[in-house]
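One structure below.
Readers should treat all values here as calculations from the given coordinates under stated rules, not as data from a laboratory. Here the structure is a predicted model, which means the values were calculated and not measured. Counting neighbours? That spans all protein chains shown, and the Cβs are built from the backbone with ideal geometry, glycine included.
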Amino acid sequence: MPKIADTIEHDVIIVGGGLAGCRAAVEISRLKPDADVAVVAKTHPIRSHSVAAQGGIAATLKNVDDLDSWEAHAFDTVKGSDYLADQDAVELLAREAPNVVIDLEHMGVLFSRLPDGRIAQRAFGGHSHKRTCYAADKTGHAILHELVNNLRRCGVRVYDEWYVMRPIVEDGEAKGVVMYHILDGELRAVRAKVVMLATGGYGRVFNTTSNDFASTGDGLAMAAIAGVPLQDMEFVQFHPTGLYPVGVLISEAVRGEGAYLINGEGDRFMANYAPSRMELAPRDITSRAIALEIRAGRGIHADGSPGGPFVYLDLRHMGREKIMSRIPFCWEEAHRLLAIDAAIEPMPVRPTAHYSMGGIPVDTQGRVRKGPEGFIEGLFAAGETACVSVHGANRLGSNSLLECVVYGKLTGAAIARYLDDRKQPDFDPTPYLEDARDTLQSLLDARGSYRIGEVRQAFQDCMSQHCGVFRTESLMREGLEQVERAIAQAEQVYLDDKGTVWNTELIEALELKNLMRVGQMILSSALERRESRGAHAREDYPDRDDANFLKHTLAYYSPTGIDIRYRPVTITRFEPKERKY
Ligand SMILES: Cc1cc2nc3c(=O)[nH]c(=O)nc-3n(C[C@H](O)[C@H](O)[C@H](O)COP(=O)(O)OP(=O)(O)OC[C@H]3O[C@@H](n4cnc5c(N)ncnc54)[C@H](O)[C@@H]3O)c2cc1C
């Protein structure tokens, strides 16, 4: 039986030890050294998905291209978003970018260099200038390690391998969280003046993804159950180059450094889809191009014959030396997983679920919205789990690490100010702890007939098939029915492990429930958006419809159904126009 222990108190509890959570913690501690800040993560912070980021972080340092400007970065981002991004948030992102990158370097992040010693910058999809800073193709690794070291320097308390089960929200005010220690089954409530969610994305909703096993959308599901609407959940990014068949990411940096996409007829087919940008078109366009080539029978089979399920990413003309110095990790991945030497053989690739454009709606200070108007007291969010919204309907590569760092910092600063007038909230933790214990115990006692892995696989297959790169009304309706059946099955599972010491099966059962709620929110939001915009491509509504859908979706969860509402998009400098590359 999970045991209940004493309640803990902190000024701030940050759920998530990735780039967004860590950057916020550092900022609060810098501005308010006396604040008692804690970070809780279900993995060790260093194992957050941020560590896997490869290609880089965008900022107009102008080290390689002095014609670049923050305005150009902002325009590229808004155009990439298919005009759904909030332009005030994008302006802040682009203006702050050079400052946050220099600040990271001062913290100790080792960026790759130009021969004269300045930070190197490379080309990336949808960016009109070479502005992506990088550490070879291990950029997330370089940044996250330094940030976690800085947590220790700032005296931030870290609870690693604790699973947060829910935030405590009473009368529109966040007061703390309930968390479960994976090591020994201890349950604790944390009382805090501020709760910040930085729990990352939900790639595991799909059967093929570039994401970590821990990217299960917990923060999204928890927030939704607590009454927070989720914004723009229909916009799921499929990255064009997932290694076939595993789905592991081959960074866009590989194309940024000059690799080609080739179909079964040996053609660089991007010439037919984005002639001016070719392989460096934005991801939504490139993923659709690959899916269409495969559908038209111009894919490739494992034996090299035409008509198969993937296309080639061809690096051979780049030469071994450039491959090994600029993108060594991608070479290693293909070698390790498929025994391919990319210097002499092309890699098989196809789109893989990669990134969540939507999420918990926040303003530019990270305050969580409770609807079109107003905020929830004491609750903040940043990073991939949040939707501020700088990516709108489609994110540009290397803008997400940037978002985590810029909005992690701005949210941290806003929290530091907020603490001045905030008292420690009052609540009785007992009912929350007992409820959490009952949830866990009923899973341990369950005598159903389904295994977790079986229900999860069926659900992930359904999402990939019914809400993938291309969508239609009937496909999605059928998908939603199947997800509802999977939710019912998840009530009838059984676990082999009945213990409370390091019971990963129990954690997987909790994560599965979150995944399925997120899947329901994605499908319900996607069904209502009867247009095609960015990553949301409806074959039954192939055009963008600004008159009816230039607005953000807000999806409200309830056990009986999902209610869809909308809020306006903020447009400051760039009037929506047709998006061509
Ligand atoms: C393979 C890959 C490569 C990428 N490359 C790039 C790139 O080159 N450039 C770019 O800009 N973007 C890239 N991205 C996207 C970018 O890395 C992510 O969007 C970003 O790192 C997300 O950071 P985060 O802090 O929001 O969340 P994460 O880094 O995912 O961290 C989430 C944290 O929340 C914790 N957590 C989650 N649920 C719970 C819970 N219930 N209880 C307790 N803790 C919880 C986790 O343990 C973890 O610490 C890439 C993504 C992938 C998958």
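Overview of values
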quantity	calculated
P(r), alpha carbons of the range 242-352 - 10 Å bins starting at zero, rounded %	15, 51, 31, 2
Angle in degrees between helix 139-153 and the longest Cα principal axis of the chain, rounded to the nearest 10	30 degrees
Euclidean distance of C-alpha centroids, the range 61-113 and the range 150-204, integer Å	30 Å
Distribution of pairwise C-alpha distances over the range 361-456, 10 Å bins, in %	13, 27, 23, 26, 10, 0
Once exposed loop GluC sites (Glu not before Pro) are cut out (DSSP; at most 10 other Cβ, 10 Å), longest piece of the chain	1-372
Length-normalised contact order for the range 242-352 - Cα pairs under 8 Å, 6+ apart - percent	33 percent
Size of charge dipole - the chain - debye, nearest 20, with Cβ of Lys, Arg +1 and Asp, Glu -1, no other charges	940 debye
Surrounding net charge for residue 105, when Lys and Arg each add one and Asp and Glu each subtract one, Cβ distance under 12 Å	0
Label-point separation in nm, residue 95 to residue 170, each point 7 Å along Cα→Cβ	4.0 nm
Cβ-based exposure ranking for 405, 101, in which fewest neighbours within 10 Å come first	101, 405
Cα-based convex hull, the range 296-387, per residue volume (Å³, whole number)	171 Å³
Cα extents of the range 2-89 along the three principal axes, largest first (Å)	58, 30, 27
DSSP bridge orientation in the chain - percent antiparallel, rounded to nearest 5	65 percent
Between 0 and 90°, nearest 10: helix 400-419 axis offset from the chain longest Cα axis	30 degrees
Net +/- balance of residues flanking residue 249 in space, Cβ distance below 13 Å, scoring K and R +1, D and E -1	-1
For the chain, diffusion coefficient by Stokes-Einstein and Kirkwood Rh (Cα), 20 °C, 1.002 mPa s, µm²/s	90 µm²/s
Relative contact order [Cα under 8 Å, 6+ residues apart], the chain, whole percent	21 percent
Gained length - residue 504 relative to residue 577, 0.36 nm times residue gap less alpha-carbon distance	21.4 nm
Full-extension gain in nm, residue 276 to residue 316, via 0.36 nm per residue minus C-alpha separation	12.1 nm
Angstrom value of the Kirkwood radius, inverse mean 1/r, which spans all Cα pairs in the range 424-487	14.8 Å
Translational diffusion coefficient (Stokes-Einstein; Kirkwood radius from C-alpha pairs) of the range 220-269 at 20 °C, 1.002 mPa s, in µm²/s	150 µm²/s
Fewest-first sequence of 206, 310, 549 by Cβ atoms within 10 Å of each Cβ	549, 310, 206
Degrees separating the helix 283-295 axis from the principal Cα axis of the chain, which is the longest one	70 degrees
Over the range 170-220, relative contact order from alpha-carbon pairs under 8 Å, at least 6 apart, %	27 percent
Under 14 Å, Cβ to Cβ, from residue 568 - net charge with Lys/Arg +1 and Asp/Glu -1	-2
Dipole magnitude of the range 242-352, debye to nearest 20 (Cβ charges: Lys/Arg +1, Asp/Glu -1, about Cα centre)	240 debye
Reference-scaled alpha-carbon Rg (2.2 N^0.38 Å with N residues) for the range 445-568	1.24
